[in-house]
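Reviewing the structure listed below.
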Ligand code: URP
Ligand code: ZN
Ligand code: ZN
């Protein structure tokens, strides 16, 4: 039976309009005023906002890091995602240094198959670029993996400048794109060693060994490499004003660079690391939280369009897992949960606080990631022919965030007690109402999304 969503405000990246939406099977078949379909089930969504399903282009589910495994696997992580309005995630299939990228991709298919409650795709995190990896790029592309991640820090994953250049150069043949974790490894290592000598190994040292200048240096290096290879590049989880200023400089030189940030860099600041014990540990992620001034600068860059996407970098650990690093911050697994809270935080603290418009919210959560990662217009827009992935948000309901109602296996949220405006009441995934009255009612319906290449103009 067709479903007719009647009377809502349909939000896109360019406008918001009062329109009905007719869904048949997994697709949207009509969007317009006063649609009638006698056989359809009519759902009154008047007074509600209808967004295209949110896309989270940066999650780490079931990932081994720091001698442990992320608290969330695809089962729990995608339940959390869809309850927060995210109908598609792009997770990082991650190559071990000595294995092939095809093997890594198979491993990620096994980790996710039949366990996912939202649609999912993969980037390939390349931990070792060599001739074998280069040869396998074509086959990985053919399987719909068109974006890659490179790390400039972390011993188990970081690439040399030579490897970074070769990886980017290889993108030219296939039309793919690389997203880069930008932090200067030498600065981090030297400052960490100093802390070890001084005996200052509490969580308070975490942001001090990863200063924003270390991010800015790595950004300038990767952008020089991208320009030398003559390719576009993505800076993932950009955290600082210094980093963004460097991006501005390179854009002025003609460099084509996309920028992603995350809610934690918009809403939380480094003061959290002064909290004692496990309280401070909750916020240990890399790059670290910055100053309030950085948060304000990043909001402005979303408004001006300098930042194209807001993803979460959801990389969750329980407090017990975090406690391994209480006596030595450098041993703590890095990352925090966020996949369930991004949409409502961006609505409350972006749109309702008038930092960004509702259309800008739609651009950074839906339209831009769909275009950048080759899924548009299947995903990222409410229009005839697109997948019926729809978030119904009731702007009149206020609430607050608490772990008690969340689906992540992390036993905390960085936003405990934070007040919210609006509530995600329903979520449709390819025409199925998977979240109803704010509750998950249908799970494990996610499908793998084979992606095409970047079509986002900047
Ligand atoms: O601390 C973080 N962000 N951990 C996840 C891995 C990464 O660097 O994206
Ligand atoms: Zn990273
Ligand atoms: Zn990440």
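How tilted is helix 74-83 with respect to the longest principal axis of the chain? Cα atoms for both, answer in degrees (0 to 90, nearest 10).
50 degrees
Could you pull the Cα extents of the stretch 267-395 along its three principal axes, largest to smallest, in whole Å?
Answer, in whole Å and largest first: 55, 29, 28 Å.
For the stretch 304-458, state the average projected area of the convex hull of the C-alpha atoms over all orientations, rounded to one decimal in nm². Don't jump to the answer; show the numbers that get you there.
Values: hull surface 45.2 nm².
That works out to 11.3 nm².
Counting each DSSP H run of 4 or more residues in the chain as -39500 (n - 2.57), what helix-only mean residue ellipticity at 222 nm follows after dividing by all residues, to the nearest 500 deg cm²/dmol?
Values: 14 runs with 132 residues, N = 458.
The helix-only estimate for the chain comes to -8500 deg cm²/dmol at 222 nm.
Starting from the Kirkwood Rh over alpha-carbon pairs, what translational D in µm² s⁻¹ does the stretch 1-74 have by Stokes-Einstein at 25 °C and 0.890 mPa s? Could you put the intermediate results ahead of the total?
Details: Rh = 14.8 Å.
The diffusion coefficient I find is 166 µm²/s.
Compute the Rg to Rh ratio over the stretch 53-372 from the alpha carbon atoms, using the Kirkwood formula for Rh, and round to two decimal places. Walk me through the intermediate numbers first.
Numbers: Rg = 18.3 Å, Rh = 19.6 Å.
Ratio of gyration radius to Kirkwood radius for the stretch 53-372: 0.93.
For the stretch 73-103 and the stretch 1-45, compute the distance between their C-alpha centroids and round to whole Å.
The distance from the Cα centre of the stretch 73-103 to that of the stretch 1-45 comes to 31 Å.
Between the stretch 427-450 and the stretch 117-135, how many Å separate their Cα centres?
26 Å
Output the peptides 54-66, 374-386 sorted from most to least packed, where packing is the average of other Cβ atoms within 10 Å over each peptide's residues.
Packing order, densest peptide first, comes out as 54-66, 374-386.
Any chance you could tell me what percent of the C-alpha pair distances in the stretch 1-159 go past 21 Å?
Values: 7210 of 12561 pairs.
Percentage above 21 Å: 57.
Taking the chain as the reference, fit the longest principal axis to its C-alpha atoms, fit the long axis of helix 212-229 to the helix C-alpha atoms, and give the angle between the two in degrees, 0 to 90, nearest 10.
80 degrees
Let me check I have the definition right: for the stretch 169-309, take the eigenvalues of the Cα gyration tensor, multiply each by 5, take square roots. What are those semi-axes in whole Å, largest first? Don't skip to the end; give the middle numbers.
Details: eigenvalues 165, 64, 28 Å².
Over the Cα atoms of the stretch 169-309, the ellipsoid semi-axes are 29, 18, 12 Å.
Determine, at each q value in 0.14, 0.16, 0.27 (inverse angstroms), the log₁₀ of I(q)/I(0) that the Debye formula gives when each Cα of the stretch 349-428 is one equal point scatterer.
Log10 of I(q)/I(0), two decimals: -0.63, -0.81, -1.20.
When the Cα centres of the stretch 331-375 and the stretch 221-293 are compared, how far apart do they sit, in Å?
If we compute the Cα centre of each part, the gap is 15 Å.
What does the highest-first list of 71-84, 14-27 look like by mean Cβ count within 10 Å?
Details: 71-84: 26.9, 14-27: 16.2.
Those peptides, ordered most packed to least, come out 71-84, 14-27.
Between 0 and 90 degrees, rounded to the nearest ten: what's the tilt of helix 161-174 against the longest Cα principal axis of the chain?
Once rounded, the angle reads 30 degrees.
How high is the relative contact order of the stretch 53-372, in percent, counting Cα pairs under 8 Å that sit 6 or more residues apart?
On the way: 645 pairs, mean separation 59.1, N = 320.
That works out to 18 percent.
Could you order the peptides 263-269, 179-185 from most to least packed, using the average number of other C-beta atoms within 10 Å per residue? Write down the numbers at each step before the final one.
Numbers: 263-269: 22.3, 179-185: 23.9.
By packing density, highest mean first, the sequence is 179-185, 263-269.
Ratio of alpha-carbon Rg to the 2.2 N^0.38 Å globular estimate for the stretch 68-174, to two decimals, please.
Details: Rg = 14.5 Å, N = 107, 2.2 N^0.38 = 13.0 Å.
Computed over Cα atoms of the stretch 68-174, the ratio equals 1.12.
Here, each number is a calculation from the coordinates, and none is a lab measurement. Everything numeric in this text was worked out from a predicted model, so none of it was measured. A quick note on method: Cβ atoms are made from the backbone with ideal geometry, for glycine too, and the neighbour counts reach across all protein chains shown.
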